[in-house]
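As structure tokens, the structure follows; a few thoughts come after it.
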Amino acid sequence: MSTLLEKIYDLQDINTISKHEQIVHGIIGAIDSGILKVGDKLPSINEMVAEIGYARKTFVKAYTELKERGLVESKNLKGYYIISKETNVTLKVALILFAFHSFQEDFYNTFREELGKRYHIDVFFHHNNLNLFKTIMDNISRKYGMYVIAPIQQEEVTVMLQKIPFDRLLVVDRYLKMPKKYSYVSQEFENITYQKLVELIPRLLKYKNFTLFFKENSDFPPEILLAFNRFVKDYSMNGQIVESYEPNTLKKGTAYFTISDSQLWKVLKDVRKMEYRIGSDIGILAHDDNIVKEIAFGGITTISTDFEMMAKKAATFVKEGDLIREVVPTYLRQRNSL
């Protein structure tokens, strides 16, 4: 312990850093010099108070920061242990998403780039499974300095997330009604989807039928289904809901609306196989844009949120911690498929 204390004492004459920063940088220095290794136990807070003489809250703050950087882990009734030697990390961030869809990959890549190398990001996927979400939350509780979470839209999840301090949690992607002190950067589905479908009326009226592929109890936003049903009713279109696309069932005169990329690829495979012309024989509308949809078959029309903007705003929250409650804009990109 004496060599660790020496690292801390060496910083006491530096007036530009606070007492808790002396503790943090002293322990980091001990890790960097090999005095402390992964698995080593730190002195308890009571021991540090007795040896150095600072207030207990100073050491609590210092150990908390070390935990947030991913360097230290507290074990109930056993104390604090070194778990990493990556001392260049400013903050350890938990990012919880639905699944690694192409648009969420775009979100992650931008988020990673905006934060830079000094932020460590661990990514988890809950696949809209409540039990899996609970397991993830149990495993990561109190282990990260910041939490960026795409939630399951259930009351139970709302209660669960409120156990995280408001200044360490950002809700992204799906909106969840939380107390006003909590931050979110989300997208809106029902009204914006309806509005974009209305903008597409001149193109959609070319087709006799309008089919939405929608699977219940999946990670599909239920608001899209509500928007679709409202739209086909208001504009007297022959709309139908199909859970998934079955091969060789394409029908001429039908516009297909896909949320899942896997459904879209099945449709496009049959388009080529059956030699249908997209934009005349059949129409295709997809949710969430990516570069493949921009170029495939001359371009697929999409309704999509700006995930890069969402990621940039999320990264700013992680770095600065200022309250943000914002809905990211959604765009209609009209291409040759309708």
Looking for whichever is loosely packed, with under 15 Cβ neighbours inside 10 Å, at pLDDT 95 or above, of a type outside the set (A, V, I, L, M) and not in a helix (DSSP H, G or I) here; the options are Lys181, Lys163, Lys177. Which one fits?
Lys181
Go through the range 187-216 residue by residue and tally those that are under 21 Å from Gln104 (Cβ atoms) and buried (at least 20 other Cβ atoms within 10 Å of the Cβ).
7
So in the range 36-73, with the set limited to residues that are touching a Lys or Arg at 6+ places or on another chain (Cβ under 7 Å) and β-branched (Val, Ile, Thr), which one is surrounded by the most Cβ atoms within 10 Å (Cβ to Cβ)?
Thr58
Being under 30 Å from Leu95 (Cα atoms) and modelled with pLDDT under 95 is the requirement here; does Lys215 meet it?
yes
Among (1) basic (Lys, Arg); (2) modelled with pLDDT under 95; (3) crowded, with 19+ Cβ neighbours inside 10 Å, where does Lys273 come up short?
(3)
Of all residues in the range 200-247, which are free of Cβ contacts under 8 Å to residues at least 60 places away in the same chain and of a type in the set (Ser, Thr, Tyr)?
Thr211, Tyr235, Ser236, Ser244, Tyr245
Residue ID - farthest from Pro151 (Cα to Cα), chosen from residues in the range 184-228 that are in contact with a helix residue (DSSP H, G or I) (Cβ under 7 Å, 6 or more places away or on another chain) and in a strand (DSSP E or B)
Phe210
Residues of the range 145-160 being in a helix (DSSP H, G or I) and of a type in the set (A, V, I, L, M), which ones?
Val157, Val159, Met160
Criterion: surrounded by 13 or more Cβ atoms within 10 Å (Cβ to Cβ), closer than 18 Å to Leu170 by Cα and at pLDDT 95 or above - qualifying residue of Val123, Val148:
Val148
Scan the strands (runs of 3 or more DSSP E) fully inside the range 255-338 and keep the ones with 2 or more residues being in contact with a helix residue (DSSP H, G or I) (Cβ under 8 Å, 6 or more places away or on another chain) and not acidic (Asp, Glu).
282-287, 301-305, 330-333
Which pairs turn up if I take residues in the range 286-299 that are closer than 20 Å to Phe213 by Cα and look for partners that are charged (D, E, K, R) and in a loop (DSSP other than H, G, I, E, B) with beta carbon separation below 6 Å, at least 6 apart in sequence or on another chain?
Gly299/Arg335
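Here is a yes/no grid of residues against (1) among the aromatic types (Phe, Trp, Tyr); (2) in the same structural domain as Phe111 (by TED's automatic domain parsing):
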site: Phe124; (1), (2): yes, yes
site: Ile140; (1), (2): no, yes
site: Lys163; (1), (2): no, yes
site: Arg174; (1), (2): no, yes
site: Ser183; (1), (2): no, yes
site: Lys206; (1), (2): no, no
site: Tyr235; (1), (2): yes, no
Just to verify a result, which residue in the range 191-244, among those that are over 32 Å from the mean Cα position of the chain (by Cα) and among the polar types (S, T, N, Q), is nearest to Gln263 (Cα to Cα)?
Asn209
Test: Ala314 is buried (at least 22 other Cβ atoms within 10 Å of the Cβ), outside the structural domain of Pro221 (by TED's automatic domain parsing) and within 20 Å of His101 (Cβ to Cβ):
yes
Take the range 103-134 and flag every residue that is more than 14 Å from the chain's Cα centre (by Cα) and under 23 Å from Glu216 (Cα atoms).
Asn129, Leu130, Asn131, Leu132, Lys134
Identify, please: which residue in the range 246-270 is among the hydroxyl-bearing types (Ser, Thr, Tyr) and over 23 Å from His101 (Cβ atoms) and is, among those, surrounded by the fewest Cβ atoms within 10 Å (Cβ to Cβ)?
Thr249
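The values are calculated or read from the model by the stated rules, or taken from the named source; none is laboratory data. Fair warning: this is a prediction, and the values are worked out from it, not measured in the lab. With ideal geometry, Cβ positions are generated from the backbone for all residues, glycine too; neighbour counts draw on all protein chains shown.
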